[in-house]
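The values are calculated or read from the model by the stated rules, or taken from the named source; none is laboratory data. Predicted model only: the values in this text are computed from it and were never measured. Backbone-built Cβ (ideal geometry, glycine too); neighbour counts: all protein chains shown. We work out accessible area using only protein heavy atoms, side chains counted, and drop any ligands, DNA or RNA first. Shrake-Rupley method; radii C 1.70, N 1.55, O 1.52, S 1.80 Å.
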Amino acid sequence: GEDLLLSVALGQVLSLLICGIGLTSKYLSEDFHANTPVFQSFLNYILLFLVYTTTLAVRQGEENLLAILKRRWWKYMILGIVDIEANYLVVKAYQYTTLTSVQLLDCFVIPVVILLSWFFLLVRYKAVHFIGIVVCILGMGCMAGADVLVGRQQGAGENKLIGDLLVLGGATLYGISNVCEEYIVRNLSRVEFLGMIGLFGSFFSGIQLAIMEHKELLKVPWDWQIGLLYVGFSACMFGLYSFMPVVIKKTSATAVNLSLLTADLYSLFCGLFLFHYKFSGLYLLSFFTILVGLVLYSSTSTYVAQDPRVYKQFRNPSGPVVDLPTTGQLEPSVTYTSLGQETEEEPHVRVA
């Protein structure tokens, strides 16, 4: 139904934002020799802090910043560090290995998310889901094959192993971060997640920036073009962080990571125009393969192994703050349909 199309379309919006992040980073490092992965993330965390942490700070009662910190500050601190280092490792990997490897190994986030969802969120998948996942990853492989055939091999070869390990480490951390994010936005709230990431992200990436990148920042030849690139990067990153929990809540962390496989293709199509890469029909084939896999995956809902009331005991006593009307009837095909029962305690919100 339209739910299926909606979830695929929402994922593609995220992919386009990631494409923007990739392109601005590429321009910064190639044209301006500004290798500042920590500073770039720092800008994003500061924006999250200004928007979401301040929102939490002015709230009253259980949803207040201090109340949340009192309850779970150490969990959010760990999550913040995991998130920072995930970003850092993957961006760092570009210095050692080829674009192709980074994109292929980035898929490792999918098995990580599936395993963590299975054990911690008690999600159970059906055969269709696994078929969809395999099709998506085949599409990804097809794209990497096209990359090799076209011969767009950039990056030094001898450090490839370091680069590949960095990507795998980053992908594992992203997986952990995404599953925690799914848990938090389903059971607590989106603003709580973003506010806490903003708070701890700014703090720890600020420290990392001071230690690791202060010299790099001094080398940046500041002018309005570079300024615009940093602004563009921060805007895309902030959009991605703000919007991703919405999509995760509507679908799931696994579905989102599958949709993000198309991001590399958008970057590629931009590359055809901006960096004059050579074109291959395999790119189109891989794009459609990934979309077919996504549609297959999204066509059936997953289910939760145990009674979803287990989740009740973890929620904020005052009940979750819900940004979107989460009535069960609206989204029949959405994953976790069994969690729809939770809405019985809340007044039903009808959306015309």
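Computed values, structure above
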item: Size-normalised alpha-carbon gyration radius of region 54-176, reference 2.2 N^0.38 Å; result: 1.38
item: Phi to ³J(HN,Hα) by Karplus 6.51 cos²θ - 1.76 cosθ + 1.60 over region 3-18, Hz, x for Gly, Pro; result: 4, 4, 5, 4, 5, 5, 5, 4, x, 5, 4, 4, 4, 5, 5, 5
item: Sequence ranges 101-113, 43-55, 190-202, ranked by mean other-Cβ count within 10 angstrom, highest first; result: 190-202, 101-113, 43-55
item: Span from the region 81-96 Cα centroid across to the region 212-255 one, whole angstrom; result: 13 Å
item: Cα-based shape type of region 1-58, given that a ≥ b ≥ c are square roots of the gyration tensor eigenvalues and the cut on a/c is 1.5; result: oblate
item: Heavy-atom accessible surface of region 33-176: percent carbon and sulfur, 1.4 Å; result: 74 percent
item: Accessible area in the full protein assembly, largest first, 1.4 Å probe, for Asp3, Asp147; result: Asp3, Asp147
item: Residue-normalised accessible area of region 20-82, expressed per residue, 1.4 Å probe, Å²; result: 48 Å²
item: Whole-Å distance, taken between Cα centres, linking region 47-62 and region 100-153; result: 35 Å
item: Tensor-based shape of region 118-236 (alpha-carbon gyration tensor, a/c under 1.5 rounded, otherwise prolate or oblate); result: oblate
item: Prolate/oblate/rounded call for region 88-142, Cα gyration tensor, a/c under 1.5 rounded; result: oblate
item: Potential extension, Ser29-Lys75 segment - 0.36 nm per residue separation minus Cα distance; result: 13.2 nm
item: Using θ = phi - 60° and Karplus 6.51 cos²θ - 1.76 cosθ + 1.60, couplings along region 120-137 (whole Hz; Gly, Pro as x); result: 9, 9, 6, 6, 10, 9, 10, 3, 4, 4, 5, 4, x, 5, 4, 4, 4, 6
